[in-house]
Structure formats: structure tokens, C-alpha cells
Amino acid sequence: MKNTVVTFRQAKEKGEKLTMLTAYDYSTAKLIDEAGINSILVGDSLGNVILGYEDTISVTMEDMIHHGAAVARGAKNALVVVDMPFMSYQTSVYDAVVNAGRLMKEARAGAVKLEGGKEVCPQIQGIVQAGIPVMAHLGLTPQSIHAFGGFKVQGKTKAAAQKLLEDARAVQEAGAFAVVLECVPAKLADMVTKELEISTIGIGAGNVCDGQVLVYQDMLGMFSDFTPKFVKKFANVGEVMKEAFLFYKKEVAEGSFPAKEHEYTISDDVLEKLY
Ligand code: KIV
């Protein structure tokens, strides 16, 4: 069944957990969709795991549209949420609405996600008023990594926890249909989840949230540059891939691949007529 923002609302009402994974291409989106995951996030984490950048700062609108469109073609039932990249919404409400519109029209997103609390509420309101569903993102917001001074758990002090709670209320009030809580103490995430009517989607925020999201390369053991504490490796696909690459190399070298069954045939009659 097609997942929409209504699915998110109903899941919260019924106390059913939501699942979300990232994807950046058609084939992966299809596999995730076929597994019945509720939502696919085309995260700007593509800067790290696909493009090999150190952070998400250099990711462009064109990158998000290119990968978002591929994912949207592979996702039949999952709600496709596409990240708004750095500086595509911070600059003005106008820029935010225009760029969110591009993600809907050109990438065929079902919703957009942007990072920040009270400071981006005018943008959330503008985008929602344009008929585009918005997922907010609080806690460790990677586009502000230079302001945080590194990847750190957020909301640990009284002031920081209070700000996160107020930001959560503000993004709900502005019209967001869900909010990602990244690297937030579980007890604080629990408080936010209980207080909000919209769904909280946790990543490094305990099992108390209304749903969970992970970067698929992290949960499949395919990305080894950096593994946060909150990641569980559900499979070691990286090792399986490396092993397959080695077998391929060996079989090509010894001539056992391609075998007879991988060949195309031609009749000897044709060959005999060649000169
Ligand atoms: O870009 C991304 O993948 C994200 C998730 C980590 C929530 O924002």
C-alpha cells in the first residue's frame, strides 16, 4: 500500500513503528520498497557515502534531483523524502519554496526534509503553504557540523535540551508532518515523542521514537570511513561484495569466467562465409 503523510499520522495514532532507510539509486530503492519499508530518504548523506565528501556541505540541488529522481522511479509504495541541501533554504523563504518545488517537480519527491528549528520555521510554513509536506530534522544536523565543532550528541545540557524541545514544538506548529531526531539522548527523545502529535523518526535517539531511520550503507556494513555508535550492522554486505570482486578477478585471470553458459552462439554456416 502506498505510504503518504497520512500513513505517518495513522501510525502515530495506532502506536505502530515507522521504518525509513536512505537510498540514492533506482536498484536500492526497489529493494527497500519491496521489503515494505515505509519511507525512503534521499539524504544529503549522499555527499559522504556516494560522492566521498567529508561532509554534506558541497551537495547541490542538482545532486539531490539526480539521485532523488532515480529513487522515485524505484519506489512504488515507500514515501520518498528528499533532503534540501545546504543553502537551498537557509537564504530565504522564497529560495526554500522554489527549491522544494524543484524537488517535487524534477525529482518527483513525496516530501522534502530540511534541518533546523525555530530559525527555519518561516521556510517550513512557506513550503507547507505551497502544498509540499515537510519533514524537519533536529539534534545533530550535519549541515551545521562546522558550527557544532564536530559530530557530537546534542541536547545534553539543560539549555540545549530545552532548546530542542522548543524547536520540536515550533516545527510542529509550522506544519512539519514529522521530525528526525539525530544523536539525541533517548530520555529526551522520549519526552519529545510523547509531547508531539507528529511522528518522531530517530537515528541515535533510542527506541522510543515513533520510527527509525538509518543510512543503508551503514546498516549493511558497506561504509567503513566512520561508524557512529548508534549504527547496527544488520548484514556484512561490504565483505560479501569484496569477496565477490576477488572471485571475479580470479576467474577472469584463470579463464573460468565467462563459461560456456555465458556465451552467445553463431552458426558455423555464417562464419564459413566470412573472408
Ligand atoms: O542525510 C541523511 O541521510 C540524513 C539521515 C542521517 C537522517 O539526514
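For His67, His146, give the ranking by accessible area with the largest first, probe 1.4 Å.
Order by accessible area, largest first: His146, His67.
Calculated from DSSP H runs of 4 or more alone, at -39500 (n - 2.57) each and per residue, what is the 222 nm mean residue ellipticity of the chain, nearest 500?
Calculated at 222 nm, the ellipticity per residue is -12500 deg cm²/dmol.
Using a Förster distance of 22 angstrom, determine the FRET efficiency expected from the C-beta separation of Gln10 and Ala130, and round it to 0.05.
0.35
Summing +1 for each Lys or Arg and -1 for each Asp or Glu, what net charge is found among the other residues whose Cβ lies under 13 Å from the Cβ of Met61?
In short, -4.
Calculate the tail of P(r) for the chain: the fraction of all Cα-Cα distances greater than 22 Å, expressed in %.
In whole percent, the share of Cα-Cα pairs in the chain beyond 22 Å is 59.
Taking a label point 7 Å from the Cα of Phe230 along the Cα→Cβ vector, which residues of region 133-177 have an amide N closer than 12 Å to it?
Under cut-off, by backbone N: 137-142, 152-155.
Return a whole-number percent for the relative contact order of region 105-236, with Cα pairs under 8 Å and 6 or more residues apart as the contact set.
19 percent
Collect residues whose amide H, placed 1.01 Å from N in the peptide plane, falls under 5 Å from the amide H of Glu115; neighbours closer than 5 in sequence don't count.
Amide H to amide H, under 5 Å and 5 or more residues apart or across chains, Glu115 pairs with nothing.
Pairing the Cα long axis of helix 5-14 with the longest principal axis of the chain, what angle in degrees results, from 0 to 90 and rounded to the nearest 10?
70 degrees
Which translational diffusion coefficient, to the nearest whole µm²/s, is obtained for region 53-103 from the Stokes-Einstein equation, given a Kirkwood hydrodynamic radius over C-alpha pairs, 37 °C and 0.692 mPa s?
This corresponds to a translational diffusion coefficient of 279 µm²/s.
Within 10 Å, count the other beta carbons around each residue, average over each peptide in 120-127, 37-44, 179-186, and list them highest first.
The peptides rank, most packed first, as 37-44, 179-186, 120-127.
Val42's amide H: which non-local residues (gap 5+, or another chain) put their own amide H closer than 5 Å, with H modeled 1.01 Å from N in plane and none for Pro or chain starts?
Residues meeting the criterion, in which the H sits 1.01 Å from N, are Ala23, Val81, Val82, Asp83.
For region 221-226, in order, what is each residue's ³J(HN,Hα) by Karplus, 6.51 cos²θ - 1.76 cosθ + 1.60 with θ = phi - 60°, in whole Hz (x at glycine and Pro)?
In residue order, the calculated couplings are x, 10, 10, 10, 4, 7 Hz.
Taking K and R as +1 and D and E as -1, what net charge do the other residues with C-beta under 13 Å from the C-beta of Arg169 add up to?
Within the 13 Å Cβ shell, the charges total -2.
Over all directions, how big on average is the projection of the convex hull of the alpha-carbon atoms in region 1-141, in square nanometres?
8.2 nm²
Provide the per-residue ³J(HN,Hα) series for region 166-182, in order, calculated from phi with Karplus coefficients 6.51, -1.76, 1.60 and θ = phi - 60°, each as a whole number of Hz, with x at glycine and proline positions.
For region 166-182, the Karplus-derived couplings read 5, 5, 4, 4, 5, 5, 5, 4, 6, x, 4, 8, 6, 9, 7, 10, 10 Hz, x marking Gly and Pro.
Mind jotting down the distance between the C-alpha centroids of region 175-190 and region 1-65, whole Å?
Cα centroid of region 1-65 versus Cα centroid of region 175-190: 17 Å apart.
Structure shown: which of Lys152/Lys194; Lys105/Lys229; Lys17/Lys242 lie over 30 Å apart, alpha-carbon to alpha-carbon?
Lys105/Lys229; Lys17/Lys242
Step through the residues of region 235-241 one at a time and calculate ³J(HN,Hα) from phi using the Karplus curve (6.51 cos²θ - 1.76 cosθ + 1.60, θ = phi - 60°), rounding each to whole Hz and writing x for Gly and Pro.
7, 10, 5, x, 5, 4, 5
At 25 °C and 0.890 mPa s, grab the translational diffusion coefficient of region 141-201 from Stokes-Einstein with a Kirkwood Rh over Cα pairs, rounded to a whole number in µm² per second.
This corresponds to a translational diffusion coefficient of 204 µm²/s.
Given contacts defined as C-alpha pairs under 8 Å and at least six residues apart, what's the relative contact order of the chain, whole-number percent?
Relative contact order comes out at 15 percent.
Give me the accessible area of Glu173, 1.4 Å probe, in Å² rounded to the nearest 10.
Its heavy atoms expose roughly 150 Å² to the probe.
Provide the FRET efficiency to the nearest 0.05 for the Arg169-Glu243 pair, computing r from the beta carbons and using R0 = 51 Å.
0.55
Using only the alpha-carbon atoms, what does region 135-275 span along each of its principal axes? Please give whole angstrom values in decreasing order.
Largest to smallest, the principal-axis extents are 84, 29, 28 Å.
The values are calculated or read from the model by the stated rules, or taken from the named source; none is laboratory data. Keep in mind the model is a prediction, meaning the values are calculated, not measured. Cβ atoms come from the backbone with ideal geometry, glycine included; neighbour counts cover every protein chain shown. Side chains included, ligands, DNA and RNA excluded: accessible areas come from the protein's heavy atoms. Shrake-Rupley method; radii C 1.70, N 1.55, O 1.52, S 1.80 Å.
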